[in-house]
Amino acid sequence: MIRIGHNPNTNMLPMFYYLPNDHPLLESIIAEPTGHNAMLSDGRIDMAPISAFSYGEHWKDYSILPNLSVSTKGRVGSILIFSKVPLQDLDGLTIALTDTSATSVNLTKILLHHYYGVSPRYLTMRSDLPEMLAKADAALLIGDAAIQAALLVPQCYIYDLGEEWFNFTGLSMTYAVWAFPNKLISERKEEVYTVYQMLIDSKTRALGNIEGIVNTCQTMLGGSLQFWRNYFTQINYGLDQMTVVGLRKYLDLCFEQKLLSSRPVLQFWPKE
């Protein structure tokens, strides 16, 4: 059996919507991205859509499954900074960071330090916008928490990190990759490949029937059907060559900004 990480946020619904719940080869473990990062690292799960940053931390031990990611070229809609002041005015002020993300937390630091040239203070909190803004001058939220907060139209500046990244780099941004420990190949190569094909098939089927997912998301979180159609139009669940270029740029900057201890190399399996 392959224990896979199941991310419950709506942005991952196309990956899991048609994945069999009762397949003898699969056991799904539900958690937020940071939970799956830790579980994959300490062996509690075998494969997961982990934070791109977490792959960067473990690149010598992990492989990435091709053609699977959560990426955007521009706006993402669910990775947002809510701020009392413009981003360029955050120098010396405080940002509350969600405790559910690694990629977005470090993307925030890259954007602010490297591109905006400001050095805020950071504190990590649970994802609750009123509580975060009561203690800080800005707040980073991701996933459904970010969508729900934005739908309430709070009276503050709202910045989309995918859009910010694209404006500065002209590149796509990859937030999550499907990864697994390399030792799994020698132990259960055929099972890994079978699960990989199931993930590809589930993704392909879901993207061919996005209206079903749109309706499910509206039921879960509200918002209009057009909001959700636009939301899923923005997200790329593949990992083509141009998307990989953006992923490399992000991981290189993480290393150059001393957020990672070594410069990651992307290792894919199976090689195509």
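The values are calculated or read from the model by the stated rules, or taken from the named source; none is laboratory data. Only a predicted model underlies this, so the values are computations on that prediction, with no experimental measurement involved. With ideal geometry, Cβ positions are generated from the backbone for all residues, glycine too; neighbour counts draw on all protein chains shown.
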Taking the conditions exactly as written (in contact (Cβ under 8 Å) with a residue 60 or more places away in the chain and closer than 30 Å to Leu111 by Cβ), does Gly222 satisfy them or not?
yes
Here the residues within the stretch 8-56 that are in contact with a His (Cβ under 7 Å, 6 or more places away or on another chain) and either in a loop (DSSP other than H, G, I, E, B) or assigned by TED's automatic domain parsing to the domain that holds Ile147 (or both) are Ile45
By my count, strands (runs of 3 or more DSSP E) wholly in the stretch 95-186 with at least 3 residues that are out of contact with any helix residue (DSSP H, G or I) (no Cβ under 8 Å at 6 or more places or on another chain) and closer than 29 Å to Asp42 by Cα are none
Would you call Gly223 surrounded by 14 or more Cβ atoms within 10 Å (Cβ to Cβ), over 21 Å from Ser28 (Cβ atoms) and in contact with a strand residue (DSSP E or B) (Cβ under 6 Å, 6 or more places away or on another chain)?
no
Does Gly246 satisfy being surrounded by fewer than 20 Cβ atoms within 10 Å (Cβ to Cβ), within 22 Å of Pro49 (Cβ to Cβ) and touching a strand residue (DSSP E or B) at 6+ places or on another chain (Cβ under 7 Å)?
no
Candidates Leu171, Leu161, Leu151 - the one that is at pLDDT below 95 and among the hydrophobic types (A, V, I, L, M, F, W, C)
Leu151
Restricting the stretch 72-121 to residues that are touching a Lys or Arg at 6+ places or on another chain (Cβ under 9 Å) and loosely packed, with under 15 Cβ neighbours inside 10 Å, the one nearest to Asp144 (Cα to Cα) turns out to be Asp99
Looking at Ser186, Ser172, can you tell me which residue is surrounded by fewer than 18 Cβ atoms within 10 Å (Cβ to Cβ) and closer than 27 Å to Tyr62 by Cα?
Ser186
Enumeration of residues in the stretch 1-54 that are touching a residue at least 40 places away in the same chain (Cβ under 8 Å) and among the hydroxyl-bearing types (Ser, Thr, Tyr):
Thr10, Tyr17, Tyr18, Thr34, Ser51, Ser54
